[in-house]
Amino acid sequence: MPTISGLRRRGYTASALNRFCEDIGVTRNENLIEYDRLQEIFRQDIDDTAKRCMAVLRPIKVTFTNFDDATVPKSREVADFPQKPEGESPTHTVNLTPTVYIDAADFRTEDDKEYYGLAPGKWVGLRYGPCIKCEEVKTSADGKEVLEIVATLANLPPDEKRPKGNIQWSPENGVTFEARLYDHLFLVPQVSATLGPI
């Protein structure tokens, strides 16, 4: 467990830490509190204050060949807090641009029936936006890195059914940010149980 200063540096609020202490209580017995429990309390604490937005951590460029001709909405008002009843949340505008960026985790060069992301020749939905189909993939000289995806836009695929997959994206004029990703330090919940007595 990190120190309180470490948790505060990661963004944990004082109210979330206090709720966590109240939730687990006090005991003289030795016990293990799962870290996920703290994270869940933190999510509940910031649910009504943290504005929702889309983010792309490992961007892949996507260029639309029919952007000017496609009869799709080019902008949309999106709720900052989608969990609130409709009309009660402030909104922000999401603009579709001729070039967007998707996350590398949402694209594969080989499709699979259990995979709902983008793949060559496949339709997916853009979150809060229209549907896109991957027409061409441009890679590096060694073929290992995807440099650009060429795609087409449509409100719906030819079968008139919205795809199950909806992926996050960022417009070409999106805001650049620094992401600090934290994960578990150990692979097991209790290290001492794995190592045995010392």
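Restricting the calculation to Cα atoms, every distinct pair contributes to the Kirkwood radius of the chain, found to be 20.3 Å.
Helical runs assigned H by DSSP (4 residues or longer) give the chain a calculated mean residue ellipticity at 222 nm of -4500 deg cm²/dmol, each run adding -39500 (n - 2.57) before division by the residue total.
Values of log10 I(q)/I(0) for the stretch 20-70 across q = 0.23, 0.32 Å⁻¹ run -0.97, -1.19, by the Debye formula with one identical scatterer at each alpha carbon and no solvent.
Pick from 91, 13, 152: which residue has the top mean-square fluctuation in a GNM of the chain where Cα pairs under 10 Å get a spring? Most flexible of the set in this elastic network: 13.
At q = 0.17 Å⁻¹, what is the base-10 log of I(q)/I(0) for the stretch 114-181 according to the Debye formula with one equal point scatterer per Cα and no solvent? Please give it to two decimals. For the stretch 114-181, the Cα-only Debye profile gives -0.74. Using the alpha carbons alone, the radius of gyration of the stretch 1-111 stands to its Kirkwood radius in an Rg to Rh ratio of 1.14. Of the candidates 166, 66, 18, which one comes out as most mobile in a Gaussian network treatment of the chain with C-alpha springs shorter than 10 Å? Among 166, 66, 18, the largest mean-square fluctuation in the Gaussian network model of the chain belongs to 18.
Relative to one another, the C-alpha centroids of the stretch 79-128 and the stretch 36-60 are positioned 17 Å apart.
In the elastic network of the chain, a GNM with C-alpha springs shorter than 10 Å, the most mobile of 158, 98, 171 is 158.
Quick check on the chain: of the DSSP beta bridges with both residues there, what percent are antiparallel, nearest 5%? Taking every DSSP beta bridge with both residues in the chain, the antiparallel ones total about 75 percent.
Among 178-187, 99-108, 39-48, sorting by the average number of other beta carbon atoms lying within 10 angstrom of each residue, highest first, gives 99-108, 39-48, 178-187. Calculated accessible area for the chain comes out at 69 Å² per residue, all protein chains present (probe 1.4 Å; ligands, DNA, RNA ignored).
By accessible area, using a 1.4 Å probe on protein heavy atoms only, the chain has 50% of its surface on carbon and sulfur. Here residue 20 sits with roughly 20 square angstrom of accessible surface, probe radius 1.4 Å. Evaluating 6.51 cos²θ - 1.76 cosθ + 1.60 at θ = phi - 60° for every residue in the stretch 168-181, the Karplus couplings come out as 6, 7, 9, x, 5, 9, x, 7, 7, 9, 9, 10, 10, 9 Hz, glycine and proline recorded as x. Legend: distances between Cα atoms for 122/144; 61/84; 84/122; 51/133; 51/113; 74/122; pairs beyond 26 Å are 61/84; 84/122; 51/133; 51/113. Could you tell me what % of all Cα pairs in the stretch 1-49 have separations over 11 Å? Tail fraction, whole percent: 71.
Mean projection of the Cα convex hull over all viewing directions, computed for the stretch 86-131: 4.9 nm².
The values are calculated or read from the model by the stated rules, or taken from the named source; none is laboratory data. Keep in mind it's a predicted model, so treat the numbers as computed, not measured. Every residue, glycine among them, receives a Cβ derived from its backbone with ideal geometry; neighbour counts consider all protein chains shown. Heavy atoms of the whole protein, side chains included, go into the accessibility calculation; ligands, DNA and RNA do not. Shrake-Rupley method; radii C 1.70, N 1.55, O 1.52, S 1.80 Å.
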